[in-house]
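One structure below.
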Amino acid sequence: MTEEIKFSIIIPVYNRPDEMKELLDSLSEQTFKDFELVVVEDGSSIKSEELCDTYRDRINISYFFKQNEGPSIGRNYGLARAKGNYYLFFDSDCILPAHYMETIHRELTDNFVDCYGGPDGAMDDFSDFQKAVSYAMTSFFTTGGIRGGKKQVHKFHPRSFNLGFSKAVYEDTGGFPVTTMHPGEDMVFAIEVIKRGFETRLVHEAYVFHKRRISFKKFYKQVFGFGKTRYIISKHYPETFKIFFLFPSLFAIGTIGALVLGIAVHRIFAFPVLLYAFLVFADALTKTKSFAIAIKALAASFVQLFAYGIGFLDAVWKHKVLGKDEFGVFGKGFYE
């Protein structure tokens, strides 16, 4: 990229002014301040407009209100109104470290890439539950793995909670797929970016703190959706399928079978499950230095794997047995 990089940060928000305040605080404290912020209020009944107005002396901020159509369409709405040539996206429950914008400006200046993503993690003042969920979403022992691990990954698929791409990507793709499918629309976008020949990169130093305000019930529902859309997307993009997508489903089936056999036949059959639980607990305890968080992280890890695995199986059942094309159910206007 030969022209000077001008950043536009685009945030879709729905009924979350409290979360927006923490995000806006973190943006106002950035050491690199040459960016605009585009806030898209997606039909909220609890608006963030007055809150955004209080930051106008610290952030170059534009606020737009539109009818509720979902985050993917909201992001495209913001893209059409952004003035920059490199677009960054975060979830409204994210908090950026003060160096984030300086880090990504330096990264793109020194080694430009058309599309990047960064990992997420937990701050010290997050609740024990939030830290436990953060562990489950980034751990090697769950489906997290790549989100918080390797510094650079070939054909990395960025996610919309921490994502940036160039104007060239926007002009080629037209933005995010116009669909009500959520979660999963950002997976489709990343696949299309790579298919069209653009390079992607995981920038490990460009991390965010992801303050998920969810219960175990909401966490299960969210990850169930991840598993479901993973299968649906793999049917429409078969080249993206990897054998390890099956592991959570096998884990859920194997865990249930092992526990049943352990109770009905002999406790030795339950040993693999107990060993896995011990490894997760020990790893979480080592990373968090907290017995209470490690216990919650163990529970969150089982919830994550079961939810993802059962969601994947649910999509297989509806597609293979019931003959439903869930991709169409989620919306229209996907890339041809």
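The values are calculated or read from the model by the stated rules, or taken from the named source; none is laboratory data. Note that the structure is a prediction, hence the values are computed from the model and not measured. We place every Cβ from the backbone using ideal geometry, glycine too, and count neighbours over all the protein chains shown. Just so you know, the surface numbers come from the protein's heavy atoms only, side chains and all, with ligands and any DNA or RNA stripped out. Shrake-Rupley method; radii C 1.70, N 1.55, O 1.52, S 1.80 Å.
Miscellaneous remarks
- Residue check for Ala190: at pLDDT 90 or above, among the aliphatic types (A, V, I, L, M) and in contact with a Pro (Cβ under 8 Å, 6 or more places away or on another chain): yes
- Any hit, the range 44-53, residues being modelled with pLDDT of 95 or more and either part of a loop (DSSP other than H, G, I, E, B) or closer than 24 Å to Phe176 by Cβ (or both): yes
- Scanning the range 6-22 for residues that are modelled with pLDDT under 95 and open to solvent by less than 90 Å² (accessible area, probe 1.4 Å) yields Pro12, Val13, Asn15, Pro17, Glu19, Met20, Glu22.
- Some residue of the range 116-125 being of a type in the set (Gly, Ala, Ser), modelled with pLDDT of 95 or more, in a strand (DSSP E or B) and open to solvent by less than 20 Å² (accessible area, probe 1.4 Å): yes
- The range 15-43 - residue that is touching a residue at least 60 places away in the same chain (Cβ under 8 Å), touching an Asp or Glu at 6+ places or on another chain (Cβ under 9 Å) and assigned to a loop (DSSP other than H, G, I, E, B) and, of those, farthest from His99 (Cα to Cα): Arg16
- The condition (being modelled with pLDDT of 95 or more, open to solvent by less than 90 Å² (accessible area, probe 1.4 Å) and on the phi < 0 side of the Ramachandran plot) is satisfied by just one residue among Leu250, Leu275: Leu275.
- Residue within the range 64-81 that is more than 21 Å from Asn162 (Cβ to Cβ), assigned to a helix (DSSP H, G or I), of a type in the set (Lys, Arg) and open to solvent by 10 Å² or more (accessible area, probe 1.4 Å) present: yes
- Within the range 227-246, the only residue that satisfies the criterion of being touching a residue at least 24 places away in the same chain (Cβ under 8 Å), open to solvent by 30 Å² or more (accessible area, probe 1.4 Å) and of a type in the set (A, V, I, L, M, F, W, C) is Leu246.
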